[in-house]
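Participant: Before I ask anything, here is the structure I am working with.
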Amino acid sequence: MTTSEAPLDPSPRGVLARYRRAVLALDADALADLYAPDAVHEFPFRFPGFPERYEGREAVRAGYAAAWGASPARPTEVVETALHASTDPEVLVVEQVVRGELAGGRGAFAVPGLLVLRVRDGLVVHVRDYMDGLAVSGARPS
């Protein structure tokens, strides 16, 4: 590490900040690199086109690369509406809205959701990703 490089914040909040940057950049590699090799990312509110879960870092990488590559949705901001610290120091509960534009000038979107994020040793080990499926459907081609 050079003197100009700051160490990455391994706390759940530090990982959340990098998670959001990866989402805004649609960078599946940067997102997956935040996950432990055996991490689990669950989608409890199922809707067409999304799996029930990704098991493992490489499944996160492949799943998000495919989903983002097939979608006209381009996020521009993540608005945090609430952040709840847990009695478990590894866990954050985040209420947020992902806002953005649809490619080709087809309009804007807003997808509200809630993330339950567990971070251990600076890596995501488990996520429950409660996205509004109807809002996601509106941000995808019909």
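What follows draws every value from the coordinates through simple rules; no lab data is involved. All figures in this text were calculated on a predicted structure; none of them were measured in a lab. Using ideal geometry, Cβ is built from the backbone for each residue, glycine included, and neighbour counts are taken over all protein chains shown.
Participant: Show the residues, 5+ positions off or on another chain, whose built amide H is closer than 5 Å to the amide H of residue 120.
Facilitator: Counting only residues 5 or more places away or on other chains, the set is 125.
Participant: Something else about it: Tilt of helix 12-25 relative to the longest C-alpha principal axis of the chain, in degrees (0 to 90, nearest 10)?
Facilitator: Approximately 40 degrees, to the nearest 10.
Participant: In the chain, what % of DSSP beta bridges are antiparallel (nearest 5)? Intermediate results must be reported in sequence, preceding the final value.
Facilitator: Details: 33 of 37 bridges.
In the chain, DSSP labels about 90 percent of beta bridges as antiparallel.
Participant: OK, next. Specify the longest stretch of the chain that does not include any exposed loop site, a site being one of the GluC sites (Glu not before Pro) with a non-H, G, I, E, B DSSP assignment and at most 11 other Cβ atoms within 10 Å. Could the numbers behind the result be given before it?
Facilitator: Numbers: sites that count: 5, 52.
Excluding the exposed sites themselves, the longest stretch runs over 53-142.
Participant: In degrees, nearest 10, range 0 to 90: what is the angle between the Cα axis of helix 57-70 and the longest Cα principal axis of the chain?
Facilitator: Once rounded, the angle reads 30 degrees.
Participant: Once phi is turned into ³J(HN,Hα) by the Karplus curve 6.51 cos²θ - 1.76 cosθ + 1.60 with θ = phi - 60°, what whole-Hz value does each residue of the stretch 117-128 show in order, with x for glycine and proline?
Facilitator: 10, 10, 10, 10, 6, x, 10, 5, 10, 7, 9, 10
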